[in-house]
Amino acid sequence: MVMFAEGILKLHWNQSVPVDVAHIAQNMGIVLAHSPSPTAACAHLQISLQNQPLVTLGQHHHHERQRYALAQALGHVALHHLRPGLERSIEVSDDFSMDMQTRTERAAHQFALRLLIPESVLRFCVQDLAMSDLLELAHVFDVPAALMGWRLMDWPLPAPSPPSASAP
């Protein structure tokens, strides 16, 4: 997953932070659509019989959930988890916990974390800028603190400190 996410970033990322996931999706040739339906999944990925990926985002979901769901969908596409003619819904809970019982879900989750929080920028923030607050890092990358915490779990350096008790 690491190599695939880094490869996608090298090919399609414009070096902006937070990472513009929609821009990457479009550069990958993925068609993006939005569903106004309140019952729509956070994202729905379809691969047409002509091997054209389409991701439909549920507009009623918070933008952080949509970003994460789209990054997961990109992971499923990049990792070839779906064959032409297949589809899958991507649900993201309010606390970003997921049912990662399957290998493909775990792989898409890891891909999404590495896409949304690129290693090079994370390393720069922690080492060069001495950012050590989890909430501050989450804000820079426009991800919830839960995702930042998961991304830092496999961080090779001492992890940034959790937010202080006096933080709002």
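The values are calculated or read from the model by the stated rules, or taken from the named source; none is laboratory data. Note that this is a predicted model, so its numbers are computed, not measured. Because the Cβ atoms are built from the backbone with ideal geometry, glycine has one as well, and the counts that use them run over all protein chains shown. With ligands, DNA and RNA removed, areas are computed over all heavy atoms of the protein, side chains included. Shrake-Rupley method; radii C 1.70, N 1.55, O 1.52, S 1.80 Å.
Residue-wise test of (1) part of a loop (DSSP other than H, G, I, E, B); (2) within 18 Å of residue 36 (Cα to Cα); (3) open to solvent by less than 40 Å² (accessible area, probe 1.4 Å).
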residue: 61; (1), (2), (3): yes, yes, yes
residue: 70; (1), (2), (3): no, yes, yes
residue: 82; (1), (2), (3): yes, no, yes
residue: 94; (1), (2), (3): yes, no, no
residue: 104; (1), (2), (3): no, no, yes
residue: 114; (1), (2), (3): no, no, yes
Single residue of the stretch 137-160 satisfying the filter (open to solvent by 20 Å² or more (accessible area, probe 1.4 Å) and among the aliphatic types (A, V, I, L, M)) that is modelled with the highest pLDDT: 140
Test set (1) over 23 Å from residue 119 (Cβ atoms); (2) surrounded by fewer than 21 Cβ atoms within 10 Å (Cβ to Cβ) - residue 7 fails condition number: (1)
The stretch 27-58: number of residues that are buried (at least 18 other Cβ atoms within 10 Å of the Cβ) and in a loop (DSSP other than H, G, I, E, B): 3
Number of the exception - residue 24 against (1) modelled with pLDDT of 95 or more; (2) β-branched (Val, Ile, Thr); (3) in a loop (DSSP other than H, G, I, E, B): (3)
